[in-house]
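Below you'll find the structure, written out as structure tokens, and then a few comments.
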Amino acid sequence: MSARTLYDKLWDDHVVAQRDDGSSLLYIDRHIVHEVTSPQAFEGLRLAGRKPWRADSVIATPDHNVPTTAKERASGVEGIEDPISKIQVKTLDDNCDELGIVEFKINDPRQGIVHVVGPETGGCLPGMTIVCGDSHTSTNGALGALSFGIGTSEVEHVLATQCIIAKKMKNMLVKVDGTLGEGVTAKDVVLAIIGEIGTAGGTGYAIEFGGEVFRAMSMEGRLTVCNMAIEAGARAGMVAVDDITIEYVNGRSFAPKGEQWHKAVDNWRKLQSDADAVFDRIVEIDGSSIKPQVSWGTSPEMVLPIDGFVPDPNTEKDQVKAGGIRRALDYMGLAAGQAITDIKVDRVFIGSCTNSRIEDIRAAAQIVKGRKKAANVKEAIVVPGSGAVKKQAEEEGLHKIFIAADLEWREPGCSMCLAMNADKLGDGEHCASTSNRNFEGRQGYGGRTHLVSPAMAAAAAIAGHFVDVREF
């Protein structure tokens with residue numbers, strides 16, 4: 001057999017059948033569902049008189065619509081004030097109860113964001129094909145898995161057949177070598193990559209992240225990077241299996257045990273691209289050149305180092321790009337040539353499926369320890385990605401550091417990542433956000449989102465504007 005990439009191997013291991021038109025039937029190992037895209041799928045099954053093909057392959061948890069304040073959470077589903085949100089969460093509960101699907105309900109200590117819960121429980125493992133009705137399912141590719149988001153009709157199809165129809169993507173390698181500087185995180189790396197290749201750079205590709213920087217990166221960091229492969233235009237991102245992967249998975253509740261564990265590890269260690277595998281595109285970046293990043297516009301590719309200046313559309317020769325810059329400046333309320341460090345923030349959000357794991361919480365706590373939130377910052381919230389993350393952070397006393405600094409410590413959920421729950425930006429408000437998307441209205445009507453790392457968001461909360469976290 002000819003040399004293969006990691007993506008090739010994962011694909012080949014799961015192809016059930018191939019068609020002459022280039023499409024394939026792909027077997028799915030793990031299906032994760034939440035309350036947003038599953039109700040129509042479950043109803044479709046019911047109307048067709050079908051049941052899930054493998055109910056034990058499905059894990060469910062509500063996340064987008066759950067409130068994150070302790071007061072609302074104390075009453076469970078009934079504590080959700082928004083009637084539509086309440087119906088969505090209750091419908092998920094009812095469907096899972098009826099069909100015998102494992103669900104981490106709103107007050108289950110394992111509840112959290114789907115893309116955090118999957119890896120931390122061992123529900124998502126190396127070598128798996130993993131789907132969820134959410135584009136950021138690519139997160140799980142950090143484990144050496146083929147993981148991607150699907151639409152609502154596809155959610156129903158996977159529930160009914162355990163398969164999905166798909167066409168194979170091309171292979172891209174994003175290779176980052178060198179050593180990251182102090183204060184530069186996985187979030188900065190992926191923002192720098194998107195700034196380099198653009199939000200369409202990965203369209204049609206499955207991206208493998210390789211090189212010295214990713215080999216040295218923690219699993220939490222790799223999960224962050226693969227989470228934002230979507231913002232680079234790809235449908236899937238992945239990192240090859242190594243000792244860091246194995247150590248992360250070992251002991252997780254859904255991970256194999258005993259003899260099965262040893263057999264699994266033997267197979268997982270093969271989940272690497274062959275040395276002579278051919279990629280359709282290779283992008284190489286010097287990791288030592290990456291600085292802390294801040295997005296200034298309405299797309300993740302509109303990003304600059306912290307010492308940068310907002311671009312001037314009058315100096316852009318491409319009129320299409322110049323028009324995009326003008327529209328972004330108008331929406332964001334920024335001036336051409338303005339220093340990134342002159343941008344003041346009204347709110348700070350530390351959380352989301354991109355940056356709500358224990359490593360992220362620790363990084364933010366390290367910055368705010370012994371300091372106080374700036375007076376001009378109306379609100380700064382820290383939202384752990386799951387009950388497990390919350391429990392660990394509290395055992396380490398991190399919540400006390402945030403509270404002492406006048407930051408709010410919340411319950412797990414998607415929270416202010418998107419305007420589907422009570423946590424929203426007001427019109428015209430600037431937010432230092434550790435999320436993954438910054439398009440118009442993402443965090444609330446008229447809200448202005450700046451994507452940053454947890455450490456950078458924490459520093460902005462203290463200073464009241466964007467600052468170079470390396471100075472902290």
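The values are calculated or read from the model by the stated rules, or taken from the named source; none is laboratory data. Please read these numbers as outputs of a predicted model, since none were measured by experiment. Every residue, glycine among them, receives a Cβ derived from its backbone with ideal geometry; neighbour counts consider all protein chains shown. Please note that ligands, DNA and RNA were not included when accessible areas were found on the heavy atoms of the full protein model with its side chains. Shrake-Rupley method; radii C 1.70, N 1.55, O 1.52, S 1.80 Å.
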Quiz item: Is it true that residue 327 is more than 22 Å from the chain's Cα centre (by Cα) and surrounded by fewer than 24 Cβ atoms within 10 Å (Cβ to Cβ)?
Solution: yes
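Please work out which residue is surrounded by the most Cβ atoms within 10 Å (Cβ to Cβ), limiting yourself to the stretch 338-349 and to residues that are of a type in the set (A, V, I, L, M) and either part of a helix (DSSP H, G or I) or in contact (Cβ under 8 Å) with a residue 60 or more places away in the chain (or both).
Among those residues, the one meeting the criterion is 348.
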Quiz item: Out of (1) of a type outside the set (Phe, Trp, Tyr); (2) open to solvent by less than 10 Å² (accessible area, probe 1.4 Å); (3) closer than 17 Å to residue 432 by Cα, the odd one out for residue 363 is which?
Solution: (2)
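Take the stretch 12-62 and flag every residue that is part of a loop (DSSP other than H, G, I, E, B) and surrounded by fewer than 18 Cβ atoms within 10 Å (Cβ to Cβ).
13, 19, 20, 21, 22, 49, 50, 51, 53, 54
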Self-check item: Identity of the residue in the stretch 130-139, touching a helix residue (DSSP H, G or I) at 6+ places or on another chain (Cβ under 6 Å) and not hydrophobic (A, V, I, L, M, F, W, C), that ends up surrounded by the most Cβ atoms within 10 Å (Cβ to Cβ)
Solution: 139
Quiz item: Under the condition of being among the charged types (D, E, K, R) and more than 14 Å from residue 139 (Cβ to Cβ), which residue from the stretch 105-129 is least open to solvent (accessible area, probe 1.4 Å)?
Solution: 108
Quiz prompt | Index of the failed condition, residue 105 passing every other in (1) modelled with pLDDT of 95 or more; (2) more than 27 Å from the chain's Cα centre (by Cα); (3) not polar (S, T, N, Q) | solution = (2)
Exercise. Kindly indicate whether any position in the stretch 167-176 is in contact with a helix residue (DSSP H, G or I) (Cβ under 7 Å, 6 or more places away or on another chain), β-branched (Val, Ile, Thr) and farther than 16 Å from residue 352 by Cβ.
Key: yes
Practice problem: Among the residues of the stretch 1-54, write down those that are small (Gly, Ala, Ser) and within 22 Å of residue 234 (Cβ to Cβ). | Solution: 3, 22, 23, 24
Exercise. Give the number of residues within the stretch 1-39 that are under 22 Å from residue 147 (Cβ atoms), of a type outside the set (A, V, I, L, M, F, W, C) and more than 22 Å from the chain's Cα centre (by Cα).
Key: 12
Quiz item: among the β-branched types (Val, Ile, Thr) and assigned to a loop (DSSP other than H, G, I, E, B), is that true of residue 294?
Solution: no
Practice problem: Mind listing whichever residues of the stretch 306-340 are at pLDDT 95 or above and acidic (Asp, Glu)? | Solution: 307, 312, 330
Quiz item: Name the pairs whose Cβ atoms lie under 8 Å apart, with the first residue in the stretch 263-287 and under 15 Å from residue 239 (Cβ atoms) and assigned to a helix (DSSP H, G or I), the second at pLDDT 95 or above and acidic (Asp, Glu), and 6 or more positions between them or separate chains?
Solution: 287/177; 287/212
Exercise. Would you confirm whether any residue within the stretch 94-102 is within 23 Å of residue 390 (Cα to Cα) and either over 25 Å from the mean Cα position of the chain (by Cα) or buried (at least 18 other Cβ atoms within 10 Å of the Cβ) (or both)?
Key: no
Quiz item: In the stretch 206-257, what count of residues is obtained for those that are part of a strand (DSSP E or B) and open to solvent by 30 Å² or more (accessible area, probe 1.4 Å)?
Solution: 0
Practice problem: Keeping to the stretch 149-189, report how many residues are under 17 Å from the mean Cα position of the chain (by Cα) and either open to solvent by 10 Å² or more (accessible area, probe 1.4 Å) or free of Cβ contacts under 8 Å to residues at least 40 places away in the same chain (or both). | Solution: 4
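Of the residues 376, 355, 314, only one is open to solvent by 40 Å² or more (accessible area, probe 1.4 Å), within 27 Å of residue 410 (Cβ to Cβ) and not basic (Lys, Arg); which?
376
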Exercise. Confirm whether residue 335 is in contact with a helix residue (DSSP H, G or I) (Cβ under 9 Å, 6 or more places away or on another chain), of a type in the set (Gly, Ala, Ser) and exposed (fewer than 15 other Cβ atoms within 10 Å of the Cβ).
Key: yes
Practice problem: Mind listing whichever residues of the stretch 362-394 are closer than 19 Å to residue 218 by Cβ, out of contact with any His (no Cβ under 9 Å at 6 or more places or on another chain) and in a helix (DSSP H, G or I)? | Solution: 362, 363, 364, 366, 367, 388, 389, 392
Exercise. Looking only at the stretch 424-442, decide whether some residue is part of a helix (DSSP H, G or I), among the hydroxyl-bearing types (Ser, Thr, Tyr) and within 23 Å of residue 35 (Cα to Cα).
Key: no
